[in-house]
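The values are calculated or read from the model by the stated rules, or taken from the named source; none is laboratory data. None of these values were measured; they are calculated from a predicted model. Heads up, the Cβs are rebuilt from the backbone with ideal geometry, glycines too, and the neighbour counts pull from every protein chain shown.
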Amino acid sequence: MQMRTRLIFVSLIAIVAVGCSSSDSSTSIETTAPIENQAEAYFERGPSPVGVTTLTLARGPKVEVWYPAVEGTAGSDTYDVRDYTPDAIKKILTGDAPATFTIDAGRDAAVAGGKHPVVLFSHGYSGIRVQSSFITSHLASWGMVVISPDHWSRDLNHVFGNNPVGDRESAVTDLFDSLDLVAADARFADAMDIDRLIAVGHSAGGGTVARAARDERIDGFVSMASGLLDSNDSATSDVVPQKPSFYIAGRADQVTPVETVTRPAFNAAVSPSLLWVMDKVGHNGFDDFCTFGNGKGIIGVAEASGLGAILSAQPQFKSLGEDGCVGDVAPSTVAFPIIRHAITAWSRHTLGLDDTSIDLSDAVATKYALPIEIVSK
C-alpha cells in the first residue's frame, strides 16, 4: 500500500508539469481569407467541415488525425483529460470540475476529395495527442491534414505512471512513423500531399519539431512556448534547422521564459523566421488545458477531487500546472482566436495554400485585443 500511495503521489506531482471536393485542395474549396481583414483573416473556422479519427502505431501509441471532411459532415467530438491518466489516478479525479474539451467534427467522417498538405503535431511534457485541439481542428478546417501521436516518452499516462518509454529522438520517430501510418490508410492514401509538410509543437514538442525539421521532408516548423532543441544545445549551425520557422510564445510564461528560451532560439534561427510574443499569455495558453478545472487547468480538476493539500505541499509544481491559467492572463476566448489566426496564416503561406500571404509582421502588432511584440527576419 505504501508503494502504491507513493506512485500515486509521484503521478499527482507529474500532472502539474504539463504540458466541395475536387482534384486539388488548394482549389477544391474557397479557402483564401479576405485580404481586407488580414489581422483577423483566420480567426474563424474555415470553410471545410472537419473529420477526426484515431489510429494506432504497431508499437502501441495512438495517433489522432484531423482532416477536411466531405460536405455535409456534422457533429461534435469530445475528450476527457482524465481518460488519458492511469486508472489509479483516474479513479481519484472524481471532483465536479470541467475536464472535457469539445470541437466541431465528425468522428470517422469521409475525407474530402483532393490532395491536402500535412501538419505533424507534437505535444509537450505530460501532454496528450489531443491537447491542442483548438488549433489542430482549426487547421483542418482550413484545408490541412493534421497528425498527432502520443509520445510515450512524455505523455500524461506514462508520466503519471512513472514508466516513460523512449527519449527525445524517439519522439521524432513517432512523428514520421505516424505520417507513414496515416499515408498507408486507404482513407488518406490519395488525400495527402506529403510533399507539402510542416510540423507544429508545444513546449517539449517545440524541440521535437525543430529536430524533425532537420529532415528534408519538413518544409518548416512552428514552435509554441518553446525554444532551442534542448537545454544543452548551443545556437550553432549544426543544430539549428535550415528551414523557415515561427516562434510564438507568451510573455507570462514562467515555464519556458521568452528571454531565456524562446528569444535565443529565434535569434539563432535562419531566415526567414518570425517571432510573436503575446502579452498576458502563459505556458498553457497554447493548449486546451486552461479550459479545465474552472479556469485553473488540471490543477483545478485535482483540487475539486480533494487533492489540494498535496498540491499545496508542492507549490512549485502547482505553479507549473497553473502557468497561463491563473493570474493576470487573458482568457482563452481572447487568446485562442489570435493564436489560431497566426499559426493558420503562417502554415498556409508556407504550404503554398494562399496566393497572397497574410501579413504577420510588426505592421499588425497593434490590431489585436492583446499587445503583441512581432519581430521578423
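Identify the residue in segment 129-156 that is out of contact with any strand residue (DSSP E or B) (no Cβ under 6 Å at 6 or more places or on another chain) and of a type in the set (A, V, I, L, M, F, W, C) and, among all such residues, is surrounded by the most Cβ atoms within 10 Å (Cβ to Cβ).
Once the filter is applied, the top-ranked residue is 156.
What's the number of the only condition in (1) in contact with a Pro (Cβ under 6 Å, 6 or more places away or on another chain); (2) closer than 30 Å to residue 109 by Cα that residue 222 fails to meet?
Every condition holds for residue 222 apart from (1).
For (1) more than 29 Å from residue 159 (Cα to Cα); (2) of a type in the set (Val, Ile, Thr); (3) touching a strand residue (DSSP E or B) at 6+ places or on another chain (Cβ under 6 Å), each residue gets a yes or a no:
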{"site": "284", "(1), (2), (3)": "no, no, no"}
{"site": "301", "(1), (2), (3)": "no, yes, no"}
{"site": "306", "(1), (2), (3)": "no, no, no"}
{"site": "325", "(1), (2), (3)": "no, no, no"}
{"site": "329", "(1), (2), (3)": "no, yes, no"}
{"site": "340", "(1), (2), (3)": "no, no, no"}
{"site": "346", "(1), (2), (3)": "yes, no, yes"}
{"site": "352", "(1), (2), (3)": "yes, no, no"}
{"site": "367", "(1), (2), (3)": "yes, no, no"}
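Say whether the condition of being buried (at least 24 other Cβ atoms within 10 Å of the Cβ), modelled with pLDDT of 95 or more and touching a Lys or Arg at 6+ places or on another chain (Cβ under 8 Å) is met by at least one residue in segment 173-187.
no
I'm checking my understanding of the structure. Among residues of segment 38-62 that are within 14 Å of residue 137 (Cα to Cα) and among the β-branched types (Val, Ile, Thr), which one is surrounded by the most Cβ atoms within 10 Å (Cβ to Cβ)? If you could, list the steps in order and put the result at the bottom.
Keep residues of segment 38-62 that are within 14 Å of residue 137 (Cα to Cα), which gives 42-54.
Next, only the ones that are among the β-branched types (Val, Ile, Thr) stay: 50, 52-54.
On the way: 50: 27, 52: 25, 53: 21, 54: 12.
Once the filter is applied, the top-ranked residue is 50.
Conditions: (1) crowded, with 21+ Cβ neighbours inside 10 Å; (2) modelled with pLDDT of 95 or more; (3) outside any loop (DSSP other than H, G, I, E, B). Residue 159 meets all but one. Number of the miss?
All conditions are met except number (2).
Would segment 83-103 turn up any residue that is more than 24 Å from residue 178 (Cα to Cα), out of contact with any Gly (no Cβ under 8 Å at 6 or more places or on another chain), modelled with pLDDT under 95 and basic (Lys, Arg)?
Yes: one or more hits.
Scan segment 96-129 residue by residue and report those that are over 11 Å from the mean Cα position of the chain (by Cα), in a loop (DSSP other than H, G, I, E, B) and small (Gly, Ala, Ser). Please lay out each step first, then the result.
Step one: of segment 96-129, the residues over 11 Å from the mean Cα position of the chain (by Cα) are 96-118, 125-126.
Still in the running and in a loop (DSSP other than H, G, I, E, B): 96-99, 105, 108-110, 112-115, 125-126.
Of everything in segment 96-129, those that are over 11 Å from the mean Cα position of the chain (by Cα), in a loop (DSSP other than H, G, I, E, B) and small (Gly, Ala, Ser) turn out to be 97, 99, 105, 109, 110, 112, 113, 114, 126.
Out of all the residues in segment 130-156, which are of a type in the set (Val, Ile, Thr) and in a loop (DSSP other than H, G, I, E, B)? It would help to see each step written out before you state the result.
If we filter segment 130-156 for residues that are of a type in the set (Val, Ile, Thr), which is where we start, we get 130, 135-136, 145-147.
The one that is of a type in the set (Val, Ile, Thr) and in a loop (DSSP other than H, G, I, E, B): 130.
Starting from residues that are under 17 Å from the mean Cα position of the chain (by Cα) and either surrounded by fewer than 20 Cβ atoms within 10 Å (Cβ to Cβ) or not hydrophobic (A, V, I, L, M, F, W, C) (or both), keep the ones in segment 219-255 and report whichever is modelled with the lowest pLDDT.
Of everything passing the filter in segment 219-255, 227 is modelled with the lowest pLDDT.
Could you tell me which numbered condition residue 346 fails, if it satisfies all but one of (1) assigned to a helix (DSSP H, G or I); (2) at pLDDT below 95?
It fails just one condition, (2).
Could you check, for segment 308-321, whether at least one of its residues is among the basic types (Lys, Arg) and touching a Cys at 6+ places or on another chain (Cβ under 8 Å)? Walk me through it before giving the result.
Looking only at segment 308-321, we keep the residues that are among the basic types (Lys, Arg), and these are 318.
Narrowing the set further to residues that are touching a Cys at 6+ places or on another chain (Cβ under 8 Å) leaves none.
Checked against the condition, which is being among the basic types (Lys, Arg) and touching a Cys at 6+ places or on another chain (Cβ under 8 Å), segment 308-321 yields no hits at all.
Could you please give the count of residues in segment 266-291 that are more than 18 Å from residue 372 (Cα to Cα) and of a type outside the set (S, T, N, Q)? Lay out the reasoning, then the answer.
First, the residues of segment 266-291 that are more than 18 Å from residue 372 (Cα to Cα): 268-272, 287-291.
Cutting the leftovers down to of a type outside the set (S, T, N, Q) gives us 268-270, 272, 287-290.
Total satisfying the criteria: 8.
Only one of these is assigned to a loop (DSSP other than H, G, I, E, B) and closer than 30 Å to residue 243 by Cβ: 375, 277, 270. Name it.
Numbers: 375 fails: assigned to a loop (DSSP other than H, G, I, E, B); 277 fails: assigned to a loop (DSSP other than H, G, I, E, B).
Exactly one residue qualifies, and that residue is 270.
Filter segment 242-263 for residues that are hydroxyl-bearing (Ser, Thr, Tyr) and assigned to a strand (DSSP E or B); which is nearest to residue 348 (Cα to Cα)? Outline the logic, then answer.
Kept after step one, since they are hydroxyl-bearing (Ser, Thr, Tyr), are these residues of segment 242-263: 245, 247, 256, 260, 262.
Now drop any that are not assigned to a strand (DSSP E or B), which leaves 245, 247.
On the way: 245: 13, 247: 16 Å.
For segment 242-263, the residue satisfying everything is 245.
Can you confirm whether segment 10-27 contains a residue that is buried (at least 17 other Cβ atoms within 10 Å of the Cβ), farther than 30 Å from residue 299 by Cβ, more than 22 Å from the chain's Cα centre (by Cα) and modelled with pLDDT of 55 or more? Walk me through it before giving the result.
Taking segment 10-27 first, the residues buried (at least 17 other Cβ atoms within 10 Å of the Cβ) are 11-19, 21, 25-26.
Right, trim to farther than 30 Å from residue 299 by Cβ and you get 21, 25-26.
Next, only the ones that are more than 22 Å from the chain's Cα centre (by Cα) stay: 21, 25-26.
Next cut, modelled with pLDDT of 55 or more only: none.
No, that holds for no residue.
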